[in-house]
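Take a look at the structure below.
The values are calculated or read from the model by the stated rules, or taken from the named source; none is laboratory data. Note that the structure is a prediction, hence the values are computed from the model and not measured. Neighbour counts are summed over all protein chains in view; Cβ atoms, including those assigned to glycine, are modelled from backbone coordinates with ideal geometry. Just the protein is used for accessible areas: all its heavy atoms, side chains included, with ligands, DNA and RNA removed. Shrake-Rupley method; radii C 1.70, N 1.55, O 1.52, S 1.80 Å.
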Amino acid sequence: QTAPVSFIKGGNLQLIYPQNRLDFGIASQSVAYAKMKRLTKVDNFVAQPRPNKETIIGEKSARAHKYPGLLSIPKAGLGYGGSGLESDDEAFTSSFQITANNVPSMDRDRKVIGQIIDTESMDFLERLASLPTQKGLKGVIPGQNSGPPLIKVSVTAVSSSSNDTMGEKS
């Protein structure tokens, strides 16, 4: 069985870099698909493969990561946000990042594709960016500032607008 997995049905906040950025994705396509279909397990699941990165890698970022509320994806496209060693089933774990601050280091390996534009959503982003986290990789590596949130945060709604608000401010 195979089908595109809905980010709304299986997307989670994977990591919080406090007051910096949020990392969203789908940890496992097969688990997300099973949940979407209300199954405990899916046999013979075929994960959606990573797209051909040659088709997207040359596209320019809409702007630099200089403002809070910018939505970005890996420069090579969705499915290329991790180490590259993940299986296709786990390739979309780090699909999207949203800036909670000025994060110029993201310009090296990510590109902006959207922006939060309303005050209510920016207030919510600020609350998310200040959630307590399990420090380090799943709380194991001490001394790290980022980690998964202490509570599970799932995506329940996504909307988009085609307004051209991505131009640089003067």
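For the pair ASP109/ARG38, report the inter-label distance in nm, with labels modelled 7 Å from Cα in the Cβ direction.
4.0
If you plug each phi of the stretch 99-109 into the Karplus form 6.51 cos²θ - 1.76 cosθ + 1.60 with θ = phi - 60°, what whole-Hz ³J(HN,Hα) values come out, in order, with x for Gly and Pro?
Working through the residues one at a time gives 6, 10, 6, 6, 10, x, 5, 6, 5, 5, 10 Hz.
Between TYR67 and ALA27, how high is the FRET efficiency from 1/(1 + (r/R0)^6) when r is the Cβ-Cβ distance and R₀ = 25 Å? Nearest 0.05. Walk me through the intermediate numbers first.
Working: r = 28 Å, r/R0 = 1.12.
FRET efficiency, TYR67 to ALA27: 0.35.
Return the carbon/sulfur percentage of the accessible area of the stretch 12-72, one whole number, probe 1.4 Å, all protein chains in place.
52
By how many nm would the segment from MET122 to GLU59 lengthen if fully extended, with 0.36 nm per residue of separation less the alpha-carbon distance? Each step should come with its number before you reach the end.
Values: separation 63, 0.36 × 63 = 22.68 nm, distance 2.68 nm.
Taking MET122 through GLU59 to full extension adds about 20.0 nm, to one decimal.
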